[in-house]
1. Based on the mean of other beta carbon atoms within 10 Å per residue, what is the order of 55-64, 94-103, most packed first?
2. Each residue of segment 10-23 in order: what ³J(HN,Hα) in whole Hz does its phi give by Karplus 6.51 cos²θ - 1.76 cosθ + 1.60, θ = phi - 60°, with x for Gly and Pro?
3. What longest region of the chain stays clear of trypsin sites (Lys or Arg not before Pro) that DSSP places outside H, G, I, E and B and that have at most 16 other Cβ atoms within 10 Å?
4. For a Förster distance of 30 Å, can you work out the FRET efficiency between the beta-carbons of residue 83 and residue 50, rounded to the nearest 0.05?
5. Anyone know which of 114, 17, 66 comes out most mobile in the 10 Å Cα GNM of the chain?
6. Where the accessible area of the chain is counted over protein heavy atoms with a 1.4 Å probe, how much of it, in %, is carbon and sulfur?
7. Once amide H atoms are placed 1.01 Å from N in the peptide plane, what residues at a sequence separation of 5 or more from residue 125, or on another chain, have their amide H within under 5 Å of its amide H?
8. Per residue of the chain, what 222 nm ellipticity follows from adding -39500 (n - 2.57) for every DSSP H run with n ≥ 4, rounded to the nearest 500?
Amino acid sequence: MGDIPGDGKFRLDWLPAVANIYNPLASELNSGLRVSQWMTADGAVGLRPETADVPTSGIEDNFDTATNGRRSFSGTLLRIKKQTGSDAAYLTLLPDVEGFIAVRRSITAATAYAPGQHLQGIYPVICGETAWLDPEP
């Protein structure tokens, strides 16, 4: 079986509402704003969760044991290219706006969502302030 290259196969959508993040409807996913079409090539940062350890060892144990605990994300940000005219991403992702981002990999980005497609995840988010990058060549 061949490898799936990642080029053109990353999609990130902004969703204002999702009834069940563990089982989103294709209609909910397709009604979102496809933000990835305006993102830089390195524009999805911090979408890798970290899992804390929860100790499970007792006082009589001879070695430490642990199980999975809380999951967290840090430094999450989207790098989006400013658009001329009506700029949907900048007009939607305003400070303190709550919603969800849906991330899908390994399927061409322009392909609409369909029932049963695997997603990396649906993440609840609250938008922070826009951080303007320093000019560079």
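The values are calculated or read from the model by the stated rules, or taken from the named source; none is laboratory data. Keep in mind that what you see is a predicted model, and the values were worked out from it rather than measured. Ideal geometry is used to build each Cβ from the backbone, glycine not excepted, and the neighbour counts take in all protein chains shown. Only protein heavy atoms, including side chains, enter the accessible area calculation; ligands, DNA and RNA are left aside. Shrake-Rupley method; radii C 1.70, N 1.55, O 1.52, S 1.80 Å.
1. For the peptides 55-64, 94-103, the packing ranking is 94-103, 55-64.
2. 10, 10, 10, 10, 8, 10, x, 8, 9, 5, 9, 5, 8, 8
3. Formally, the longest exposed-site-free interval is 10-80.
4. So the FRET efficiency works out to roughly 0.35.
5. 66
6. 53
7. HN-HN under 5 Å from residue 125: 99, 100, 101.
8. The helix contribution divided over the chain gives -1500 deg cm²/dmol.
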